[in-house]
Amino acid sequence: MPQIAAYDSKIEGNVIFTQLDAAMNWMRKNSLWPMPMGLACCAIELMAAAAARFDIARFGSEVMRFSPRQCDVMIVAGTVTYKMALAVKRIWEQMPEPKWCIAMGACASSGGMYRSYAVLQGIDQLIPVDVYISGCPPRPEALLEGLMRLQKKIEGEQSFLAQKPQLAAELMPEIRKRPPVRANIRGVATAPASKVT
């Protein structure tokens, strides 16, 4: 009768070494829970992206909650009127940190064709936007592309330093001497160029 081993002799295959930021960013980018702010016709395309044909679940974003306290990415889909703008801002403020915003469509990005007294000319006048998706309305594939761009952006963030700067300074005093790491256009972290004298 074979004996069942309690020790895994191939332990090197089960151990992963990584950075804390990389692990946090990997978890965040693969479990984005959208807060769908469907304000106009773009909301239909947002709903289609969650359906079986386009399947937003492949990106870990199928959990669309209508409670801002359970969401971390707001998708503003449609025309933002001044009457609705304060409600959008209130919901944004109720979302926990870290949080991101996607402006879906021409109206959410720049007011679209509505150059009037009643329409906010871009949601970025109220809340910070991370990804803009063009189109009137954009197709579900465009939303999925915008989601992938947001995931790429999250990959390059300094999660631990941004959330716990005092703890990071206590654990690693030399971190204050380091130059800040910026993200380039593709979202990959790059060190700033040194000055040549």
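The values are calculated or read from the model by the stated rules, or taken from the named source; none is laboratory data. Being a predicted model, the structure only gives us computed values, none of them experimental. We place every Cβ from the backbone using ideal geometry, glycine too, and count neighbours over all the protein chains shown. We work out accessible area using only protein heavy atoms, side chains counted, and drop any ligands, DNA or RNA first. Shrake-Rupley method; radii C 1.70, N 1.55, O 1.52, S 1.80 Å.
Could you please report the charge total around ALA50, scoring K, R as +1 and D, E as -1 over all other residues with beta-carbon less than 12 angstrom from its beta-carbon? Don't skip to the answer; put the middle values down first.
On the way: positive: ARG53, ARG58; negative: GLU45, ASP55, GLU62.
Net local charge, ALA50 excluded: -1.
Mean shadow of the range 52-118, computed from the convex hull of its alpha carbons, in nm²?
Working: hull surface 22.1 nm².
So the Cα hull casts an average projection of 5.5 nm².
Round to a whole angstrom and tell me the spacing of the C-alpha centers of the range 70-124 and the range 20-54.
15
For the range 35-158, what % of the accessible area comes from carbon and sulfur atoms, probe 1.4 Å? Kindly include the intermediate steps, with their values, before the conclusion.
Working: 3380 of 6130 Å².
Summing carbon and sulfur atoms, their accessible area is 55 percent of the total for the range 35-158.
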